[in-house]
1. Consider GLU119 against the criteria (1) touching a residue at least 24 places away in the same chain (Cβ under 8 Å); (2) surrounded by fewer than 21 Cβ atoms within 10 Å (Cβ to Cβ): it satisfies all of them except one. Which criterion is unmet?
2. From the list GLY304, GLY263, which residue is modelled with pLDDT of 50 or more, farther than 30 Å from ALA44 by Cα, of a type outside the set (Val, Ile, Thr) and in contact with a strand residue (DSSP E or B) (Cβ under 8 Å, 6 or more places away or on another chain)?
3. Filtering region 189-209 down to residues that are in a loop (DSSP other than H, G, I, E, B) and small (Gly, Ala, Ser), which residue is farthest from MET273 (Cα to Cα)?
4. Please enumerate the residues belonging to region 29-83 that are within 21 Å of the chain's Cα centre (by Cα), modelled with pLDDT of 95 or more and not hydrophobic (A, V, I, L, M, F, W, C).
5. Can you list residue pairs whose Cβ atoms sit under 9 Å apart, with the first residue in region 219-241 being under 21 Å from VAL297 (Cα atoms) and the second being among the acidic types (Asp, Glu) and assigned to a loop (DSSP other than H, G, I, E, B)? Count only pairs 6 or more apart in sequence or on different chains.
6. Filter region 166-196 for residues that are modelled with pLDDT of 95 or more and among the small types (Gly, Ala, Ser); which is nearest to VAL126 (Cα to Cα)?
7. Evaluate region 40-53: report whether one residue or more is in contact (Cβ under 8 Å) with a residue 40 or more places away in the chain, of a type in the set (Ser, Thr, Tyr) and touching a strand residue (DSSP E or B) at 6+ places or on another chain (Cβ under 7 Å).
8. Hey, among the residues in region 243-265 that are among the small types (Gly, Ala, Ser), touching a Pro at 6+ places or on another chain (Cβ under 8 Å) and more than 15 Å from SER188 (Cα to Cα), which one's surrounded by the most Cβ atoms within 10 Å (Cβ to Cβ)?
Amino acid sequence: MPYPDMVVPDLPSPNAALVRQMLRHAALRRPGTLAQWRVAYERAAEAFAAAPADLEVVPVGAASGIWIRRPAGNRPVLLYLHGGFYCLGSARTHLHLAGLLADAAGAACLVLDYRRGPEDPFPAAVDDGLAALRAIRAAAPDSPLVVAGDSAGAGLALSVAMRVRDDGSRPPDLLVLLSPWTDLTCSSRSHRELAAADPVLATDDLRAMAARYAGGADPRRPELSPLFGDLARLPPVLVQAGGQEVLLDDAMGLVDGIRAAGGRAVLHHWPHMFHVWQWYHPILPEGVRALRDAGEVIRAVTAGAGTPPDRTAGCAASTPAAGTASSAPTGRRG
């Protein structure tokens, strides 16, 4: 059965305006080199919370990961793949996000430090994600497994799930994709129509980082841009997307494509939010709420409910608000 798109119509909190202002200011002071950008990303994450002292860093194939909480019994295990254009960020920049999601889901959690471009271009990150999934399956074979990520990490989660499907391995039980980047060509309508509204992303930056990661591969290749791939026979998918981000069509087109292919997908659409607002949850109540909503979906699906619920209390079931680039999602748009 089809799943309706779910809209969170609440007006932004006062803190949302402050975060937006902070992001606009940061955009004016964007670092000039990749090395500087990486340092700035790490420092921004440190402003939220110091990393706990008891984290466990472990090797994962050619990469490494950080266990926030080791598997125990048959409770769910969350594999989290961080965002950052495939070239920035790390497990540590996303511990606070992955940690709250894991707490909301009652799950153990491994945050993967997959290899990044341009030093380790595609398909290194996909290989690392697959290695992490297999390591978790070996360590906790009876536990439900959820693969989650934000932005590039969400696209990576989808690419890993596609590879698992194609090689016949046991799939994850659920994908949780926050503001997913699924089209590295950056050619959809929302890149044009929402450029002025997006305080986080610029299309030129996305394309430059995509080229660094792709390493000469065609950006339309499905493991780079899953939106152009086969979306059939995937696990259930939860997508959260903001109405003020240039990647809105990446999320809408993905949900449409999965449903058209006979799969199960739920969209939590926040018309007033920006790209990966969940990352700012220490100062943004909308981030806390979104992660708790996702945690409820994880609990329901991994407890054997079978499909993601349509929405927790407080949201209307409808198409996205009029005036967004994707007010009537009907599949891929260029």
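1. It is condition (1) that GLU119 fails.
2. Of GLY304, GLY263, the one residue that is modelled with pLDDT of 50 or more, farther than 30 Å from ALA44 by Cα, of a type outside the set (Val, Ile, Thr) and in contact with a strand residue (DSSP E or B) (Cβ under 8 Å, 6 or more places away or on another chain) is GLY263.
3. To start, the set of residues in region 189-209 that are in a loop (DSSP other than H, G, I, E, B) comprises 194-202.
Now restrict to residues that are small (Gly, Ala, Ser): 195-197, 202.
Values: ALA195: 14, ALA196: 14, ALA197: 10, ALA202: 16 Å.
Within region 189-209, the match that is farthest from MET273 (Cα to Cα) is ALA202.
4. Across region 29-83, the qualifying residues are ARG38, SER64, GLY65, PRO76, TYR80, HIS82, GLY83.
5. Qualifying pairs under 9 Å: PRO235/ASP173; PRO236/ASP173.
6. The extreme case among them is SER179.
7. no
8. If we filter region 243-265 for residues that are among the small types (Gly, Ala, Ser), which is where we start, we get 243, 251, 253, 257, 260-263, 265.
Restricting the remaining residues to those that are touching a Pro at 6+ places or on another chain (Cβ under 8 Å) gives 243, 251, 253, 263, 265.
Still in the running and more than 15 Å from SER188 (Cα to Cα): 263, 265.
Details: GLY263: 17, ALA265: 25.
Looking at residues that are among the small types (Gly, Ala, Ser), touching a Pro at 6+ places or on another chain (Cβ under 8 Å) and more than 15 Å from SER188 (Cα to Cα), I get ALA265.
The values are calculated or read from the model by the stated rules, or taken from the named source; none is laboratory data. Predicted, not measured: the structure shown is a model, and the values here were computed from it. For neighbour counting, all protein chains shown are included, and Cβ atoms are generated from backbone atoms with ideal geometry for every residue, glycine included.
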